[in-house]
Amino acid sequence: MNFELFVSLRYLLAKRRQTFISLITIISVAGVAVGVTALIVVLAVMNGFQEDLRNRILGVTSHIVAGSFGGTTSDYRELIPRLEEVPGVVAATPFIYTQVMISSSRGVSGAIMRGIEPLSASRVIRIQENMIRGNLADLITPPEEEGKTTQPGVILGMELANNLGIRQGEWITVVSPTGRLTPMGQIPKSKLFQVVGILQSGMYEYDNTLAYVDLAVAQQFLAVGDTVTGIEVRLKDIYRAPEVAEAIRNKLGGGFWVRDWMQMNRSLFSALKLEKVVMFVILTLIVLVAAFNIVSSLIMLVMEKNRDIAILKAMGATTASIRKIFVMEGLMIGVTGTGLGLLGGFSLCALLKRYKFIELPRDIYHISTLPVKMETMDVLAIAVSAILISLVATLYPSRQAAKLDPSEALRYE
């Protein structure tokens, strides 16, 4: 153990004549610990919200969407195998997207009808995992038997079903504004569907508007022939979406637009990222308050140890050594507080994740408890920031201690 570290430990741990200085030191350690704990817990909760939101969005939407600038795509059956050859692509499926009005005996609501191929769609979007009643395979319309008419099925979002007052097995009427043109004007087209399933994604915008039907049924109902609105693509790694989207764009050539999930939800995730940065800055003020306590504690310690500092300098201690003693003492306060804060943050996050004792109103947040996810880079940033703030807090007191003149301090001893 070197000389400066030995003296720092003695000053930090030894009993003092002024117990008030010891109290300020304890408060400084506690302040750093509370600040670090708060930062870890808040950022972990925000990371959890962001991950949960991303999973919910990608539960009912694909990682990449491609479509024609002309509005519809007729050669989608040839394009899908080509897209699945792109490195990083897991599967692709066609879809039809249109606005409709849905009515039941208990209500009327606007909706977004999506025509999908149930078999291929199950490999691209997680509809089945989000269904609370029914199965995705129930959308497949069986071939009509002679003399018997089979009504197509539809899967509704939970909020949409609640607005219509509909349960599984009941009937609804879907009305499309793009009907046939007659001498009396354009007449909307309507069709009867049976509700075969209810879906709950946890996102109100989706659960309140989405209605899934079989692709062939949607094509027949909208009279669009064998065309689709676009193609949805699932990736192995969602974070490589921009580069895979570029590869798909090059594969398709001109005339097609390609968007990845980051582009489609950029404003939402940018807002969450900005909020996380702002919370980090605000909560760092707690550590700054503790840093002021470190400054006051060290200044009072320098005043108490004037005689000791003078004796050390008279015995040959250099100015740099005296400065180093108080810098080390302040750093030990900061490192101790940071260590306790990390322990408290990890413990509280583990308790929140395991016991989920903080409940949230599900009708507002669509989740019942606080989601928690700790990221290594966040923890490192918090620890480094807390220690750096503690280090900066030691600069002025250590400089004042190093400037002490031994002859002045020992004159009246």
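The values are calculated or read from the model by the stated rules, or taken from the named source; none is laboratory data. Keep in mind it's a predicted model, so treat the numbers as computed, not measured. Virtual Cβ from ideal backbone geometry, glycine too; neighbours counted across all protein chains shown.
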Since residue 225 meets every condition but one in (1) more than 30 Å from residue 192 (Cα to Cα); (2) loosely packed, with under 15 Cβ neighbours inside 10 Å, which condition does it not meet? (1)
Restricting attention to the range 89-101, does a residue exist that is crowded, with 21+ Cβ neighbours inside 10 Å, in contact with a Pro (Cβ under 8 Å, 6 or more places away or on another chain) and touching a residue at least 60 places away in the same chain (Cβ under 8 Å)? yes
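Considering the range 48-94 alone, what residues qualify as being of a type in the set (Gly, Ala, Ser) and on the phi < 0 side of the Ramachandran plot? Even if it seems obvious, please write down each step before you answer.
So the first thing to find is which residues in the range 48-94 are of a type in the set (Gly, Ala, Ser), and the list is 48, 59, 62, 66-68, 70-71, 74, 88, 91-92.
Residues satisfying the conditions are 48, 59, 62, 66, 67, 68, 70, 74, 91, 92.
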Only residues that are in a strand (DSSP E or B) and under 20 Å from residue 255 (Cα atoms): list them for the range 50-104, please. 64, 65, 66, 67, 68, 73, 92, 93, 94, 95, 96, 97
Restrict the check to the range 298-310 and report whether at least one residue is at pLDDT below 90, within 30 Å of residue 39 (Cα to Cα) and among the β-branched types (Val, Ile, Thr). yes
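Checking the condition surrounded by 13 or more Cβ atoms within 10 Å (Cβ to Cβ) and within 30 Å of residue 12 (Cα to Cα), which residue from 252, 301, 285 passes? Even if it seems obvious, please write down each step before you answer.
On the way: 252 fails: within 30 Å of residue 12 (Cα to Cα); 285 fails: surrounded by 13 or more Cβ atoms within 10 Å (Cβ to Cβ).
Exactly one of 252, 301, 285 is surrounded by 13 or more Cβ atoms within 10 Å (Cβ to Cβ) and within 30 Å of residue 12 (Cα to Cα), namely 301.
Pick from 310, 401, 317: which is part of a loop (DSSP other than H, G, I, E, B), over 35 Å from the mean Cα position of the chain (by Cα) and of a type outside the set (S, T, N, Q)? Explain how you work it out, then say what you get.
On the way: 310 fails: part of a loop (DSSP other than H, G, I, E, B); 401 fails: part of a loop (DSSP other than H, G, I, E, B).
From the options 310, 401, 317, the qualifying one is 317.
Answer with yes or no whether residue 273 is of a type in the set (Lys, Arg), in contact with a strand residue (DSSP E or B) (Cβ under 7 Å, 6 or more places away or on another chain) and at pLDDT below 90. Before the answer, list the steps.
Details: of a type in the set (Lys, Arg): yes; in contact with a strand residue (DSSP E or B) (Cβ under 7 Å, 6 or more places away or on another chain): no; at pLDDT below 90: yes.
Considered against the rule, which asks whether it is of a type in the set (Lys, Arg), in contact with a strand residue (DSSP E or B) (Cβ under 7 Å, 6 or more places away or on another chain) and at pLDDT below 90, residue 273 comes out as no.
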Tally time: how many residues in the range 196-217 are within 22 Å of residue 371 (Cβ to Cβ), assigned to a helix (DSSP H, G or I) and in contact with a Lys or Arg (Cβ under 9 Å, 6 or more places away or on another chain)? 1
Going by the conditions given, is residue 323 more than 14 Å from residue 9 (Cα to Cα), touching a residue at least 40 places away in the same chain (Cβ under 8 Å), among the basic types (Lys, Arg) and buried (at least 17 other Cβ atoms within 10 Å of the Cβ)? yes
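Let's see how each residue does on (1) within 30 Å of residue 157 (Cβ to Cβ); (2) in contact with a helix residue (DSSP H, G or I) (Cβ under 9 Å, 6 or more places away or on another chain); (3) at pLDDT below 90; (4) not small (Gly, Ala, Ser):
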| site | (1), (2), (3), (4) |
| --- | --- |
| 321 | no, yes, yes, no |
| 329 | no, yes, yes, yes |
| 341 | no, yes, no, no |
| 354 | no, no, yes, yes |
| 357 | no, yes, yes, yes |
| 370 | yes, yes, yes, yes |
| 382 | no, yes, no, yes |
| 390 | no, yes, no, no |
| 412 | no, no, yes, yes |
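How many residues does the range 105-115 contain that are surrounded by fewer than 18 Cβ atoms within 10 Å (Cβ to Cβ) and either part of a strand (DSSP E or B) or among the small types (Gly, Ala, Ser) (or both)?
Going residue by residue through the range 105-115, those that are surrounded by fewer than 18 Cβ atoms within 10 Å (Cβ to Cβ) are 105-108, 110, 112.
Going one step further and asking which of them are either part of a strand (DSSP E or B) or among the small types (Gly, Ala, Ser) (or both), we end up with 105, 107-108, 110, 112.
The number of residues fulfilling the criteria is 5.
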